[in-house]
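Here's the structure we're looking at; comments come further down.
Taken together, the values in this text are just the output of simple stated rules run on the coordinates, not laboratory data. What you are looking at is a predicted structure, and each value in this text was computed from that prediction instead of being measured. Note: ideal-geometry Cβ built from the backbone for every residue, glycine included; neighbour counts use all protein chains shown.
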Amino acid sequence: MRSDGTRVGLWQPVSSGRHAFGVRARQAEPGETVEAMCGAEVDTDELQRVAEEIDWIMKQTCMDCWRLLKEQQQQAQQQQS
Ligand SMILES: [Zn+2]
């Protein structure tokens with residue numbers, strides 16, 4: 001099944017770590033909760049704020065998100081060839 005623009009668009013450091021989110025997460029309404037690739041729930045406010053450089057340095061990359069993204073990329077490449 002082809003995704004409808006839900007390809008992963010952004011990494012964002014939030015309180016629970018640096019997670020990957022779909023492009024649509026950026027358009028979520030304030031007060032909503034959005035789900036990271038790994039299923040972690042994050043407040044939209046936290047997702048859409050502009051992260052400070054220190055956040056990127058201090059927050060650990062979520063390995064679940066990282067792995068899921070990698071698998072997704074590999075699948076996309078296989079479909080192209
Ligand atoms: Zn995650």
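Values computed for the structure shown
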| item | result |
| --- | --- |
| Degrees, to the nearest 10: 63-80 long Cα axis against longest axis of the chain | 30 degrees |
| Most mobile listed residue (GLN12, GLN27, GLN48) in the chain, GNM with C-alpha springs under 10 Å | GLN27 |
| Listed residues VAL34, VAL42, VAL23, most fluctuating in the chain (Gaussian network, C-alpha, under 10 Å) | VAL23 |
| Estimated 222 nm signal from helices in the chain, with DSSP H stretches of n ≥ 4 weighted -39500 (n - 2.57), rounded to 500 | -10500 deg cm²/dmol |
| Of every Cα-Cα pair in the stretch 16-81, the percent that sits beyond 19 Å | 40 percent |
| Where trypsin sites (Lys or Arg not before Pro) fall in DSSP loop in the chain, at most 10 other Cβ within 10 Å | ARG2 |
| At most 15 other Cβ within 10 Å, DSSP loop - GluC sites (Glu not before Pro), the stretch 30-81 | GLU32, GLU52 |
